[in-house]
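The values are calculated or read from the model by the stated rules, or taken from the named source; none is laboratory data. Note that the structure is predicted; figures quoted are calculated from it, not measured. Cβ sites come from the backbone with ideal geometry, for glycine too, and all protein chains shown count toward neighbours.
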Amino acid sequence: MSFLAPLWLLLGAAAAVPLLLHLLRRNVTARVEFPAARYLQRAEQEHSRSLRLRNLLLMLLRVLLVLAIALAAARPFVAGLGVGHGATALAILLDNSLSTTALEGGAPVFERLRRATRALLLAATPTDRLWLVTADGRLRAGTREALLAEVDAMAPVQGRGDLPLALRRAVAAVQSAALPARVVAVATDAQRTSWTDAARTGIPVTVHAPVAEPPRNRAVVAAGAEPTRWTPRGAISARIDAPDSVGFRVVLGERTIARGAVGRGEPVALRVAPPERGWQAGRVEIEPDDYPADDARHFAVWIGAAPSVSATPSAGPFVSTALGVLAADGRASAGEAVRIASADAVTTLPALILPPADPVRLGAANRELARLGVPWRFAAIDRTPGVARGDRLDGTAVRERYRLVREGAAPSDTLATAGGAPWIVAGLRYVLVGSRLDPAATDLPVRAAFVPWLAEMLGMRLGAPAGDLGAPIFAEPGAPITLPVGAEAIENASGTRRAVGDGTSTAPSERGVWFILAGGRRVGAVVVNAPPEESSLARWRAGELAARLAGRDGRASGTADAWVRDSFAAGTRRPAVTPLLALALALIAAEAIAVRTSRSTVA
Amino acid sequence: MESPALRADLTDPAALASLGHIEVVARWIVDGFLSGLHRSPRKGFSVEFAEFRPYQPGDDLRYVDWKIAARADRWVVKQYEEETNLRATLVLDVSRSMDWRGAPSAQRLTKRAYAEQLVAALALLLLRQRDAVGLIRFDDAIRTSIPPRARTTQWRRIVAALAEPGGGRASDLANALGQAARLVTRRGMMVLVTDLLVDVEAVMPALRGLRAAGHDVTVFHVMDPAERRFTLAGEAQYEDPESALAVPAAGADVRAAYESTVTTVIAEWREALAAMGAGYELVLTDQPYSLALRRAFDVRQRRP
């Protein structure tokens, strides 16, 4: 039962009046002189049983009368009145997330959900208001026929979507409808990871979900190149989630560079020195299973020569030592492509720029920064001890630093802060450090993270060609991404090209590696993979999910027919005002008859 | 003959009471009642010596006491008191329960006012029949006791007595009946005017005593219509003014049961009185007086 004006139910409290009158009638305070009270007493004694029964009956009739009137005023809708279903606001949430591509009984789960959705739409009537919401949160309103066409044309998305968001939109849609019956019907594979964050809706929800256990799944849940720029040697690592051992293949470009098998829980690690150069697409794939969507995982890597680096004496002995380590490992070479020097000694970019050793040279250093187009200047020296915050640099002690002051609007990144102020900043072809790489100024050169940090600065920030992104962009299908300045198009390995603009864009819905093109050459890559959570096919039981989404108003069904019936059950509720008013009249008549009958009986 | 519409005995008691004093009204009632009868004047009254008085010219010589004339040379005439063959005693309940009415005063008399008017009319009616009439007023004690007399001044005594106070917190009907028995040693007529809010068992011995003494007993059971039908509405503690009895009830709920009980009580009284040969008449205070008068007149007519 539901109510259009539930506040009127408060009128039902008036039912307490006859009840209280019945219970408290012996406590009346009004006093009336009546000489024949002895007859009254005798009458009550002689007719006590019939009087009690009559009073009880009258009390019940009057309580029921008040309740019937209160219920009628609240304009209730009750199931079981009439035939078929009444006007219903129905939002169908069709889960077309990637996990619905898992095969069950030889067909994707999505096909089963689509059939159920079609059946539900076919059961709708022209008086119903219909919406269709998909896993990506897209809401469509329309007639039954229009939504059937949408369902027929629909395909699973390549990501997990956002089912909680889709549910919220479905709820908002039905709540906007001025119809007494409001239902959200969810057709889903009930994947646990997709519904974990879903909140209680507050309106009835019917859930149609597979009853069977999900298929056993093997998945490549992680794959990547380390580092993301190979010079030209590097490593590929992957993690495969499988209940038993599984064979794998590693592909770089169009070439299989490794095959093998790993046991349960064993990582895949592969060191390679491929001959390819430039941005390359790669993937780690396993043998196909009933859920092919996660049988391969993509990665991208830039392969090229190690950057040639030279360091002036002003950079300090620790930098020279670190460069020697990198050179020995093949990750840097001696040359002039990248310079490491104090600001007053640097002449060209790209460069890793340090403060001058002598504060007297500060003016010359700032003039050089201005000449090179670096939008930062060294300000007063600050010897307040501080702790750095930044990637790889958290906890690094900073004892002496020049404050970095921004001048100009050129884009730049703050890679680390010290005492809450910028300490290491980077921009196009420069990295600027606020402290000398000397233990007297900072712990950075003596920390273990120093060499990897320097390698990353040289490889990603400074060693990449001008305009190159340095590192790939990782995204889920359809997720928003930020493309570098000058990006013109993206292109996948098969040559499919899509025009894009720089700035915020959307990742392609197809999984794979999409190269970013600028000035006719590849300057980066967008790696589109399904989120690893989609590889977990563990399910909620339909009843659990329905209760999670709607509490007592949740209904779960394993078959399409039951789902259709449950979804329109609320619509079978009809206005009950007329029957209740008729009941009230009948109660009035019954009360009159009871009074008259008891009077004649007693008399 | 007067038109029935103008006869006081057929007029609404409350409206009639507003027209004049009880004495005047009682005369109207009796006149109206008697005018409706096909009356045959009663004859054969015996006479009883009352006193002597000096002879006056024109006096019937049959009543001259010749013995005194011969002995004292003085003419005196025997004065005889007319004597009826009926001595009636009206026993009126003036207890507090009688001072009640179930409607505003303009619409209805209290039971006591109605009963007093009825007693006055009965007394006058009987006196005009040359019967001796007495009055006993009682509540929890005897308030007035007037022996039966047939004198013309008797009615004024009775009317004057009706104005005396009453209103005690009980009705000692048995005591009143005992007093009546002591007042009237010869067989006579006892008329009880009461609301009978007493226990049957407490009264019946006294009534039996009266009947055993040869008296005709007639009980006028005076009830307010609200006591008969319980027309009071609402939820209240209904209190007996003469006792501590308080009964909580809702008028609408108990009305039917109450009416049934009152019907039973009336039947019980009627049956008990009939069993001993006493008359019973229910008189509602909104009824004209003719009913009660007719009843008393019939009783009187049965007497020799």
Read through the list (1) farther than 25 Å from residue B:113 by Cβ; (2) more than 10 Å from chain A (Cβ to nearest Cβ), then give the number of the only condition that residue B:284 fails.
(1)
Among residues of segment B:193-214 being closer than 17 Å to residue B:89 by Cβ and under 15 Å from the mean Cα position of the chain (by Cα), the residue surrounded by the most Cβ atoms within 10 Å (Cβ to Cβ) is B:193
For segment A:483-518, the count of residues that are within 24 Å of the chain's Cα centre (by Cα) and surrounded by 14 or more Cβ atoms within 10 Å (Cβ to Cβ) equals 9
What residue, of A:306, A:379, A:365, is surrounded by 14 or more Cβ atoms within 10 Å (Cβ to Cβ) and assigned to a helix (DSSP H, G or I)?
A:365
Inspect segment A:446-466 for any residue being modelled with pLDDT of 85 or more, among the hydrophobic types (A, V, I, L, M, F, W, C), exposed (fewer than 15 other Cβ atoms within 10 Å of the Cβ) and within 30 Å of residue A:157 (Cα to Cα) and give the result as yes or no.
no
Of all residues in segment A:152-172 being out of contact with any Asp or Glu (no Cβ under 8 Å at 6 or more places or on another chain) and buried (at least 22 other Cβ atoms within 10 Å of the Cβ), which is nearest to residue A:477 (Cα to Cα)?
A:156
Determine if segment B:166-183 includes at least one residue that is more than 16 Å from residue B:86 (Cα to Cα), over 14 Å from the mean Cα position of the chain (by Cα), in a strand (DSSP E or B) and touching a residue at least 24 places away in the same chain (Cβ under 8 Å).
no
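Just name the residue that is farthest from the other protein chains (Cβ to nearest Cβ) out of those in segment B:187-203 that are in contact (Cβ under 8 Å) with a residue 24 or more places away in the chain and farther than 24 Å from residue B:284 by Cβ.
Let us first name the residues in segment B:187-203 that are in contact (Cβ under 8 Å) with a residue 24 or more places away in the chain, namely B:187-198, B:200, B:202-203.
Those still in the list that are farther than 24 Å from residue B:284 by Cβ too: B:187-188, B:202.
Values: B:187: 34, B:188: 30, B:202: 13 Å.
Applying the filter and picking the extreme gives B:187.
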Quick check on segment B:101-113. Is at least one of its residues part of a loop (DSSP other than H, G, I, E, B), among the β-branched types (Val, Ile, Thr), more than 14 Å from the chain's Cα centre (by Cα) and modelled with pLDDT under 85?
no
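Hey, among B:86, B:126, which residue is among the aliphatic types (A, V, I, L, M) and crowded, with 24+ Cβ neighbours inside 10 Å? Break it down stepwise before answering.
Working: B:86 fails: crowded, with 24+ Cβ neighbours inside 10 Å.
After ruling out the rest, the residue left standing is B:126.
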Say we look at segment A:394-445 and pick out the residues that are surrounded by 17 or more Cβ atoms within 10 Å (Cβ to Cβ) and of a type in the set (Ser, Thr, Tyr); which of these is modelled with the lowest pLDDT?
A:412
Within segment A:500-516, does at least one residue satisfy the condition of being touching a Leu at 6+ places or on another chain (Cβ under 8 Å) and part of a helix (DSSP H, G or I)?
no
Could you list, in sequence order, the residues of segment B:219-240 that are facing chain A (nearest Cβ under 7 Å), closer than 23 Å to residue B:291 by Cα and part of a strand (DSSP E or B)?
none
Hey, does segment A:143-159 have a residue that's assigned to a strand (DSSP E or B) and within 25 Å of the chain's Cα centre (by Cα)?
no
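For segment A:44-138, give me every one of the strands (runs of 3 or more DSSP E) that falls completely inside it and has 2 or more residues that are buried (at least 19 other Cβ atoms within 10 Å of the Cβ), at negative phi and modelled with pLDDT under 90. Please lay out each step first, then the result.
Working: elements: A:76-78, A:88-94, A:129-134.
Where strands (runs of 3 or more DSSP E) fall fully within segment A:44-138 and carry at least 2 residues being buried (at least 19 other Cβ atoms within 10 Å of the Cβ), at negative phi and modelled with pLDDT under 90, they are A:76-78, A:88-94.
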Output for segment A:312-349, where each listed residue is touching a Lys or Arg at 6+ places or on another chain (Cβ under 7 Å), surrounded by 17 or more Cβ atoms within 10 Å (Cβ to Cβ) and not β-branched (Val, Ile, Thr):
A:316, A:344, A:349
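Just checking, does segment A:504-512 include any residue being touching a residue at least 40 places away in the same chain (Cβ under 8 Å), within 27 Å of residue A:108 (Cβ to Cβ) and hydroxyl-bearing (Ser, Thr, Tyr)?
Yes, that holds for at least one residue.
Just a yes or no: is a residue in segment A:459-466 hydrophobic (A, V, I, L, M, F, W, C) and part of a helix (DSSP H, G or I)? Explain how you work it out, then say what you get.
So the first thing to find is which residues in segment A:459-466 are hydrophobic (A, V, I, L, M, F, W, C), and the list is A:460, A:462, A:464, A:466.
Still in the running and part of a helix (DSSP H, G or I): A:460, A:462.
Yes: one or more hits.
Could you please let me know if residue A:32 is out of contact with any Ser or Thr (no Cβ under 9 Å at 6 or more places or on another chain) and without any contact (Cβ under 8 Å) to a residue 24 or more places away in the chain?
Working: out of contact with any Ser or Thr (no Cβ under 9 Å at 6 or more places or on another chain): yes; without any contact (Cβ under 8 Å) to a residue 24 or more places away in the chain: yes.
In short, yes.
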Residue A:354 is checked against (1) touching a strand residue (DSSP E or B) at 6+ places or on another chain (Cβ under 8 Å); (2) surrounded by 18 or more Cβ atoms within 10 Å (Cβ to Cβ); (3) of a type in the set (A, V, I, L, M); (4) modelled with pLDDT under 90 and fails just one. What number does that condition carry?
(4)
Here are B:256, B:246, B:278: which of them is among the hydrophobic types (A, V, I, L, M, F, W, C), surrounded by 19 or more Cβ atoms within 10 Å (Cβ to Cβ) and facing chain A (nearest Cβ under 8 Å)?
B:256
Residue that is modelled with the lowest pLDDT, among those in segment A:519-567 that are of a type in the set (S, T, N, Q), surrounded by fewer than 23 Cβ atoms within 10 Å (Cβ to Cβ) and farther than 21 Å from residue A:98 by Cβ:
A:557
State which residue pairs qualify: first residue farther than 18 Å from residue B:136 by Cα and inside segment B:210-224, second residue acidic (Asp, Glu) and crowded, with 23+ Cβ neighbours inside 10 Å in any location, beta carbons under 7 Å apart, and separation of 6 or more residues or different chains.
B:223/B:195
Kindly indicate the residue of segment A:40-71 that is touching a Ser or Thr at 6+ places or on another chain (Cβ under 6 Å) and basic (Lys, Arg) and also nearest to the other protein chains (Cβ to nearest Cβ) among those meeting that condition.
A:42
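With respect to residue B:295, determine if the residue is at pLDDT below 80, surrounded by fewer than 16 Cβ atoms within 10 Å (Cβ to Cβ) and more than 10 Å from every other protein chain (Cβ to nearest Cβ). Break it down into steps so the answer makes sense when it comes.
Details: at pLDDT below 80: yes; surrounded by fewer than 16 Cβ atoms within 10 Å (Cβ to Cβ): no; more than 10 Å from every other protein chain (Cβ to nearest Cβ): yes.
So residue B:295 does not fit the description; no.
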